[in-house]
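Report on one structure; see the data block that follows.
The values are calculated or read from the model by the stated rules, or taken from the named source; none is laboratory data. Note that this is a predicted model, so its numbers are computed, not measured. Ideal geometry is used to build each Cβ from the backbone, glycine not excepted, and the neighbour counts take in all protein chains shown. All accessible areas refer to the heavy atoms of the entire protein, side chains included, with ligands and DNA or RNA removed. Shrake-Rupley method; radii C 1.70, N 1.55, O 1.52, S 1.80 Å.
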Amino acid sequence: MKKLGVISDTHLGKPTDDFRSPLGKYFADVEMIIHAGDMTGLLVHDFLTNWDLTAVAGNMDDYDLCTILPEKRIEEIEGWKIGITHGRGSPFWLEQFVLGKFENVDVIIFGHSHIPLSTKRGNIHLFNPGSYKSSRTIGILELGDKISFNFIELG
């Protein structure tokens with residue numbers, strides 16, 4: 001079983017102690033961090049590379065991040081195909097938007113709405129960890145024989 005940390009919408013120019021501390025605590029034993037966009041600043045990206053980092057660019061990311069991160073990606077982990085994107089537009093159509101970005105995936109991880117979500121559409125698991133900055137949530141994704149996703153409220 002693989003344990004992954006999932007985060008989105010950090011909206012920070014640089015990592016703060018308030019950011020470093022909970023990530024150090026809750027992501028201490030994860031094998032990888034997936035960031036679903038809107039880190040905002042390159043220094044946040046640089047900090048997250050202390051872990052094995054897989055990330056995409058969001059609509060609020062600066063030029064430097066957008067030059068090194070793709071808008072979407074597909075990773076295969078433990079035999080599961082995981083689509084990662086940030087999202088765009090209204091939160092009312094966000095699920096349909098991200099579903100339209102990928103074919104033949106088992107999981108889609110996204111952000112943008114700042115609203116935590118764990119649901120299934122057909123055979124596809126949809127996970128949005130919410131926003132580090134506003135909802136104060138991150139997630140843990142466990143991949144093995146089955147898929148599980150849990151939210152962590154940072155308070």
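Descriptive notes on the structure:
- Cross-link pairs exceeding 19 Å between alpha carbons, from the set Lys81/Lys101; Lys25/Lys120; Lys3/Lys146: Lys25/Lys120.
- Length gained on full extension, Ile147 to Arg88: 18.7 nm, using 0.36 nm per residue less the C-alpha separation.
- Dipole-positive endmost among Leu126, Trp80, Phe19 within the chain (Cβ charges, Cα centre): Leu126
- In terms of its alpha-carbon gyration tensor, segment 25-70 comes out prolate; a/c meets the 1.5 threshold, and the first ratio a/b outweighs b/c.
- Rounded if a/c under 1.5, otherwise prolate or oblate - segment 64-155, Cα gyration tensor axes: rounded
- Between Ser131, Ser113, Ser21, the residue with the greatest mean-square fluctuation in the GNM of the chain (Cα pairs under 10 Å linked by springs) is Ser21.
- Charge tally for His45 (other residues, Cβ to Cβ under 12 Å; Lys, Arg +1; Asp, Glu -1): -4.
- Residues whose amide H comes within less than 5 Å of that of Ser131, counting only those at least five positions distant or on another chain, are Arg136, Thr137 (H built at 1.01 Å from N in the peptide plane).
- Here the extension length gained between Ser21 and Lys81 equals 18.6 nm, from 0.36 nm per residue of separation less the Cα-Cα distance.
- Taking the Cα centre of segment 6-146 as reference, the dipole from Cβ charges on Lys and Arg (+1) and Asp and Glu (-1) amounts to some 440 debye.
- Size of electric dipole in segment 92-141: Cβ of Lys, Arg +1 and of Asp, Glu -1, about Cα centre, debye, nearest 20: 200 debye
- Taking all Cα pairs closer than 8 Å and separated by 6 or more residues, the relative contact order of the chain comes to 24 percent.
- What the Kirkwood sum gives for the chain is a hydrodynamic radius of 15.1 Å, with every pair of different alpha carbons counted.
- On the chain, 50 percent of the accessible area sits on carbon and sulfur atoms, based on a 1.4 Å probe.
- Glu103 paired with Ile68, simple spin-label distance in nm, labels 7 Å along Cα-to-beta-carbon: 3.3 nm
- Taking amide hydrogens as placed 1.01 Å from N in the peptide plane, the amide H of His125 sits under 5 Å from those of Val107, Ile108, each at least 5 positions away in sequence or on another chain.
- Where a label projected 7 Å from the Cα of Met1 along Cα→Cβ would reach, residues of segment 78-117 with amide N under 18 Å: 78-80
- Cα gyration tensor, segment 106-147 - rounded (a/c under 1.5), prolate or oblate: oblate
- In order along segment 123-138, the Karplus-derived 3J(HN,Hα) couplings, from 6.51 cos²θ - 1.76 cosθ + 1.60 at θ = phi - 60°, round to 9, 9, 7, 10, 10, 10, x, x, 10, 4, 6, 9, 7, 6, 10, 9 Hz, and Gly and Pro are given as x.
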